[in-house]
1. Out of ARG16, ARG57, ARG63, I need the residue that is out of contact with any helix residue (DSSP H, G or I) (no Cβ under 9 Å at 6 or more places or on another chain) and either open to solvent by less than 50 Å² (accessible area, probe 1.4 Å) or in a helix (DSSP H, G or I) (or both). Which one?
2. Tell me, which residue of the stretch 51-91 that is under 24 Å from THR8 (Cα atoms) and polar (S, T, N, Q) is modelled with the lowest pLDDT?
3. Any idea which residue in the stretch 96-125 is nearest to ASP32 (Cα to Cα), counting only those that are assigned to a loop (DSSP other than H, G, I, E, B) and open to solvent by less than 50 Å² (accessible area, probe 1.4 Å)?
4. Quick one: count up the residues across the stretch 38-57 that are among the hydrophobic types (A, V, I, L, M, F, W, C) and without any contact (Cβ under 8 Å) to a residue 40 or more places away in the chain.
Amino acid sequence: MVVPHHATGARLARHRLADELADVVPPALLADLVAVLAELVGNAVRHADPLPGGVVRVAWRLRPAADGQRVQLRVTDGGSAVGPLMRPSTPDSVDGRGLHIVAGLASRWGVERDGLGQSVWAEFDPIRSVRSDLVAAG
C-alpha cells in the first residue's frame, strides 16, 4: 500500500494491517506488528525523504513456515543522508527509542538501499509469536 509521507500515513498503515491480519495471526503478534509498523512509518516520515509523489510504500507478507506463518513488514521511503541507526536513549529521552522497539519485538530487522531510496524491514518468526501468546495468556 502507499501512504502519505505525513503523520497520517502511520495511522492509515496501522489500521489496514490490523484489518487484514486480524483473523490470520494471533492477537499478541498482531499487536507487535502494529507497533513495529507504526515505528517504521513514523521514522520514514520524520527522518527520510518521500518517494516520488510524496508517499511512503508499506508492505507485509506472510510466508508459511514449518511452525506457522512468518511475517515480514517493509517500509520504503526516499532515503536520507544518514540511514536508520539505533541511538542511545535514557529514561528521560523524548525520542530515540523507535528502533529499540523494533529490535525488541521483531525477530530481526534490517535496511536495504537501492537507486530509489531505502527499505527498512522487520521479520517475525512463528515461534516468537507462540511465545508472545503464552506470555499474554499467562
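The values are calculated or read from the model by the stated rules, or taken from the named source; none is laboratory data. Every value quoted in this text rests on a predicted model; they were computed, and no experiment measured them. Note that we place each Cβ from the backbone using ideal geometry, even for glycine, and neighbour counts take in every protein chain shown. These accessible areas exclude ligands, DNA and RNA; they are computed on the full protein's heavy atoms, side chains included. Shrake-Rupley method; radii C 1.70, N 1.55, O 1.52, S 1.80 Å.
1. On the way: ARG57 fails: either open to solvent by less than 50 Å² (accessible area, probe 1.4 Å) or in a helix (DSSP H, G or I) (or both); ARG63 fails: either open to solvent by less than 50 Å² (accessible area, probe 1.4 Å) or in a helix (DSSP H, G or I) (or both).
Being out of contact with any helix residue (DSSP H, G or I) (no Cβ under 9 Å at 6 or more places or on another chain) and either open to solvent by less than 50 Å² (accessible area, probe 1.4 Å) or in a helix (DSSP H, G or I) (or both) holds for just one of ARG16, ARG57, ARG63, which is ARG16.
2. The residue in question is SER80.
3. Among them, the one singled out is ALA106.
4. Residues flagged as among the hydrophobic types (A, V, I, L, M, F, W, C) and without any contact (Cβ under 8 Å) to a residue 40 or more places away in the chain within the stretch 38-57 amount to 2.
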